[in-house]
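What follows is a short report on a single structure.
Every read-out reported here was derived from the displayed coordinates using simple, explicitly stated rules and does not represent laboratory data. Bear in mind that the values here come from a model prediction, so they are computed numbers and not experimental data. Here the Cβ is made from the backbone with ideal geometry for all residues, glycine too, and neighbour counts use every protein chain on show.
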Amino acid sequence: MTARILVIRLGALGDFVQSTGPFAAIRAHHAKAHITLLTTRPFAAFAAASPWFDQVRIDQRPKPWQPLALWRLRGWLRGQDFAQVYDLQTSDRSSSYFRLLGGKVAWSGIAAGCSQPHANPRRDFMHTLERQAEQLAMAGIDRVPAPDLSWVPDDTARFGLGTPFALLCPGGAAHRPAKRWPAERFAALAARLAARGVAPVLLGAKAEAAELAAIAAACPQATSLAGLTDLFDIAALGRRAVAAIGNDTGPMHLIAAAGAPALVLFSAESDPALCAPRGRVTVLRRPRLAELEVAEVESALAALT
């Protein structure tokens, strides 16, 4: 009988990308198993196309006051007969699913009473990659590779981009504006890149379209792809870009994992020692990103290319 394995990784994008090495490690360790990923809607299509999973289930994230939805989730979890669960989310929510399962399954995570706890009291002071690798080692998986997105199709022709080009990611979480370098400085940097013969390509969600349009208006050589890219596109563009620069935001993790030389800007709002992308990555950090001048960013970016 084929063993059934459950992997839990709900989000956010940067965390999801940093779990791709663990995904590959779990697949290699359970080569003949049926592996299901429990995730959220933004990552479902990307995960389903990857070589790591046989099934992707979208977590509807039921609330405590939604007993019917919780009952359905409980029924699904118990009905799958999972032999092993790897909780890479390690949150209160994902740990509560251990209780929904009745605690009668091999579980790697931090849920109270689980059989394979990540028993390091300083786990919250580890970089995400090291923390996940240690968690899996404690569950018997000794080798966790670096992220490998070579399976993502190289399909960017429809954007009509010339070469060389650099990716600029001026966006970020709307509720954390302190994590954003000022848009006018991205515009000034775009103009300097264009003067060097490198086409600036702006990435962002639809909600950031106005900001990207303002940058493009200040630098007519820039191309805005606001709202036009999905996770596959961002990875494929990252594979072809000569460089990328952006705030501490999810797309920069995807771009770095695809292989682009990346410059990531951090403020006091987040700690690169705990969450910075890995790869061909340089970090610039200031307590306030408004203190970071264009010339310094341009110099650091030039050193990458």
For the chain, longest principal axis from Cα atoms; helix 231-240 axis from its Cα atoms; angle between them, nearest 10 degrees, is 50 degrees
Kindly identify the range 241-305 as rounded, prolate or oblate by the Cα gyration tensor criterion: order the square roots of the eigenvalues as a ≥ b ≥ c, call it rounded if a/c is under 1.5, otherwise compare a/b with b/c, prolate if a/b is larger, else oblate.
oblate
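Counting other Cβ atoms within 10 Å, which trypsin sites (Lys or Arg not before Pro) in the range 86-119 have at most 13 and lie in a DSSP loop?
On the way: sites: 93, 99, 104; in loops: 104.
Here the trypsin sites (Lys or Arg not before Pro) that fit, given the DSSP loop and packing criteria, are 104.
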Please compute the net charge surrounding residue 236, taking Lys and Arg as +1 and Asp and Glu as -1 over other residues with Cβ under 15 Å from its Cβ.
-2
Work through the residues other than residue 125 whose Cβ is under 14 Å from its Cβ and net out their charges, Lys, Arg +1 and Asp, Glu -1.
-1
Set of lysines with alpha-carbon distance to residue 32 below 28 Å, sequence-local pairs under 8 removed:
104
Protection proxy ranking, peptides 215-222, 26-33, average beta carbon neighbours within 10 Å, highest first:
215-222, 26-33
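Rank by packing, highest mean first: peptides 71-77, 86-92, 241-247, with packing defined as the count of other Cβ atoms within 10 Å averaged across residues.
241-247, 86-92, 71-77
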